[in-house]
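Report on the following structure.
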Amino acid sequence: MLTEAQRDEVVKEYAPMLAKTFVAKVAHNRCVDYVIKASNQTDNVELSNGMLISQNSDSHEKSRDLMSAINRLSLSLRQVITMQLEGFTYSEIASVLGTSEAAVTKRAGRARALLEQLLGSNNNG
């Protein structure tokens, strides 16, 4: 059993991390719901992300290609790569998704390899 002082110290230490992962989990679940609903309505789901969109047409086209390639990934790979692009660590991603860091590492590698293939075929074809 922890004393009240020990419990308070643990809460103080871990509360910011737990809050961040809780908010990310809620946001993640909302995004998954959105993607599922949107994909049921149309084959093309275009996620508009202010971070990626630029006034430069070449940059805009590359951003659109990247988003299109990400949307072609399976949901489990798309979750990991999207959270990685948002700056989450493997540990944080694992916590949000309820899986192990090893699984996140494996999914991230698979996602990057598939994105390289998809983006390479867009540039070559």
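For the structure I just gave you, tell me whether residue 69 is in a helix (DSSP H, G or I) and at pLDDT 90 or above. Judged against the criteria, residue 69 is not a match. A Cβ distance below 7 Å, combined with a sequence gap of six or more or placement on separate chains, defines the contacts here; from segment 81-108, residues that are open to solvent by 50 Å² or more (accessible area, probe 1.4 Å) reach residues that are among the aromatic types (Phe, Trp, Tyr) in the pairs 101/90; 105/90. For segment 52-62, check the following and say yes or no: at least one residue is of a type in the set (S, T, N, Q), under 26 Å from residue 119 (Cβ atoms) and at pLDDT 85 or above. No, because not a single residue in segment 52-62 is of a type in the set (S, T, N, Q), under 26 Å from residue 119 (Cβ atoms) and at pLDDT 85 or above. Going by the conditions given, is residue 20 modelled with pLDDT of 75 or more, charged (D, E, K, R) and open to solvent by 50 Å² or more (accessible area, probe 1.4 Å)? So residue 20 does not fit the description; no.
Taken together, the residues in segment 109-125 that are open to solvent by 70 Å² or more (accessible area, probe 1.4 Å) and out of contact with any helix residue (DSSP H, G or I) (no Cβ under 8 Å at 6 or more places or on another chain) amount to 5.
The values are calculated or read from the model by the stated rules, or taken from the named source; none is laboratory data. The structure presented is a predicted model; accordingly, all values stated were derived computationally and were not measured. Cβ: placed from backbone, ideal geometry, glycine included. Neighbour counts: every protein chain shown. We work out accessible area using only protein heavy atoms, side chains counted, and drop any ligands, DNA or RNA first. Shrake-Rupley method; radii C 1.70, N 1.55, O 1.52, S 1.80 Å.
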